[in-house]
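Peer 1: After the structure tokens below, expect a handful of questions from me.
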């Protein structure tokens, strides 16, 4: 299970790589827009994602600027699909709960009218 910060970094990596399986990414572009992750913490998060088998990270130098060479592994490629499926499952469970509540209310009102 990923932490919210790891999830945010993984989503930004997936956005930067697009359909490609690897990409060169400067560290500044991986930081979330809210600014809750520092550059030092970003390195720790990338190492954790690498350890968990989502990505493979190599530190590189391009024109004097440090960049990450990130290769997406199978687990990272399936992350978006897994997230969409979990959101659909949650929406289905909420819909079932609402329908059950409405049916319970209708049966209760019907019994109230019959017994009254």
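The values are calculated or read from the model by the stated rules, or taken from the named source; none is laboratory data. Only a predicted model underlies this, so the values are computations on that prediction, with no experimental measurement involved. Cβ placement follows ideal geometry from the backbone for every residue including glycine, while neighbour counts extend to all protein chains displayed.
Peer 1: Going through region 6-29 one residue at a time, which ones are touching a strand residue (DSSP E or B) at 6+ places or on another chain (Cβ under 9 Å), closer than 15 Å to residue 71 by Cβ and not in a helix (DSSP H, G or I)?
Peer 2: The answer is 20, 21, 22, 23, 24, 25.
Peer 1: So, one more: Would you be able to tell me the number of residues in region 79-116 that are within 30 Å of residue 54 (Cα to Cα) and at pLDDT below 90?
Peer 2: Number of matching residues: 6.
Peer 1: Filter region 53-65 down to the residues that are surrounded by 11 or more Cβ atoms within 10 Å (Cβ to Cβ) and either more than 19 Å from residue 23 (Cβ to Cβ) or touching a strand residue (DSSP E or B) at 6+ places or on another chain (Cβ under 7 Å) (or both) and list them by number.
Peer 2: 55, 56, 57, 58, 59, 60
Peer 1: If you don't mind, another one. Can you name the residue in region 9-29 that is free of Cβ contacts under 8 Å to residues at least 40 places away in the same chain and over 17 Å from residue 73 (Cα atoms) and, of all such residues, is surrounded by the fewest Cβ atoms within 10 Å (Cβ to Cβ)?
Peer 2: Step by step, filter region 9-29, then rank; the result is 28.
Peer 1: Same structure again: What single numbered condition from (1) over 14 Å from residue 71 (Cα atoms); (2) part of a loop (DSSP other than H, G, I, E, B); (3) free of Cβ contacts under 8 Å to residues at least 24 places away in the same chain fails to hold for residue 32?
Peer 2: Every listed condition holds for residue 32 apart from (3).
Peer 1: Looking only at region 38-50, decide whether some residue is assigned by TED's automatic domain parsing to the domain that holds residue 7 and farther than 18 Å from residue 3 by Cβ.
Peer 2: no
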